[in-house]
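In what follows, a single structure is set out as structure tokens and then discussed.
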Number of protein chains: 2
Amino acid sequence: MKVLGIDASLRGTGLAVIEQQGSRTRALHWEVVKIPAHVPHSGCLRQISERLAAVLAAHQPAAAAIEGGFYFKNAKVALVLGEVRGVAIAACAMAAVPVYEYSPRRAKQNITGWGAAPKEQVAKMVQSVLGLPTLPPADATDAFALALCHAQSGRGLLTGEPI
Amino acid sequence: MKVLGIDASLRGTGLAVIEQQGSRTRALHWEVVKIPAHVPHSGCLRQISERLAAVLAAHQPAAAAIEGGFYFKNAKVALVLGEVRGVAIAACAMAAVPVYEYSPRRAKQNITGWGAAPKEQVAKMVQSVLGLPTLPPADATDAFALALCHAQSGRGLLTGEPI
């Protein structure tokens, strides 16, 4: 089973595709959709949509995993993150790929055994579990952790159902 | 000049296309993307994206106008509205249509002269300005008001620039 993990962010969305076969899990693809400051807001959303469509078409994952259950300090941050999430969820829906939500805490706990694990620890576990030659870039780490969380649980733990 | 107005909402996005030629402004298209409660979240975003792509392709507007400068009572509402906005902005960007933001207050003030005008008053003015045979549906009224606001101001009054 192939799973796409999505760590949504306006200028640094992480995408990671893993494949689980029996007890073996390997990384098929990862990238960070880095968008420089001079690109306008709408151009960021367009690029994220295009990259997602390309990755979905290339890998045809059975499911996608995205962060959910956030705590926001302010609504402006929520609005912008919502924009990126909307683009990502719509891209998956258009490719008929179901999207499951996992809290950041749940994804970290799944891979490190500790929901408040620091990013470096998550990155090291991702590297180890997937046998990567180097540490994944920071923005791809969370995408891998989300994909692994879904591959190992098989369902969205926030809702149990795709969103 | 053709302008697309977008009133983003998960289950009732309003879309309206107007055309301004000299002193005359007419309505070319309006619809409400009504999505029943049984359709999952991701399906709503998919339908909104598809309807926007269809309307953009059919009418090829020079610009799109969307609400901005919201006040949110809670971040959950902001996240969901952000999702719909993101899908709408990305659809416009993929069609190379610049998106301008107007506050709801500014759009109402533009058409009625009063920023806190009730919805019925805005609907009557939209009907009158565009010479519509009947009152537009409630969810299309705001989309018309946004499109008219852009047609008459020619720029996004929140930022002055497309987003």
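The values are calculated or read from the model by the stated rules, or taken from the named source; none is laboratory data. Computed from a prediction, not measured in an experiment: that's the story for all the values here. Here the Cβ positions follow ideal geometry from the backbone for every residue, glycine too, while neighbour counts run over all protein chains shown.
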In region A:130-152, residues that are within 23 Å of A:P98 (Cβ to Cβ) and over 15 Å from the mean Cα position of the chain (by Cα) total 1
Taking only pairs six or more apart or across chains, which ones have beta-carbon atoms under 9 Å, a first residue in region B:7-29 that is free of Cβ contacts under 8 Å to residues at least 60 places away in the same chain, and a second residue that is of a type in the set (S, T, Y) and part of a strand (DSSP E or B)?
B:E19/B:T25
Confirm whether B:L148 is in contact with a strand residue (DSSP E or B) (Cβ under 9 Å, 6 or more places away or on another chain) and surrounded by fewer than 20 Cβ atoms within 10 Å (Cβ to Cβ).
no
So in region A:56-95, with the set limited to residues that are more than 7 Å from every other protein chain (Cβ to nearest Cβ) and β-branched (V, I, T), which one is farthest from A:A8 (Cα to Cα)?
A:V77
Residue among B:A140, B:A123, B:A147 that is touching a Ser or Thr at 6+ places or on another chain (Cβ under 7 Å), over 18 Å from A:H41 (Cβ atoms), away from chain A (no Cβ under 14 Å) and of a type outside the set (S, T, N, Q)
B:A123
Checking B:A107 against (1) assigned to a helix (DSSP H, G or I); (2) more than 7 Å from chain A (Cβ to nearest Cβ); (3) crowded, with 19+ Cβ neighbours inside 10 Å; (4) modelled with pLDDT of 95 or more, which single condition isn't satisfied?
(4)
Residues in region B:33-74 that are in a strand (DSSP E or B) and over 22 Å from A:H41 (Cβ atoms): how many?
2
Over region B:39-55, the set of residues facing another protein chain (nearest Cβ under 9 Å) and under 15 Å from the mean Cα position of the chain (by Cα) is B:I48, B:S49
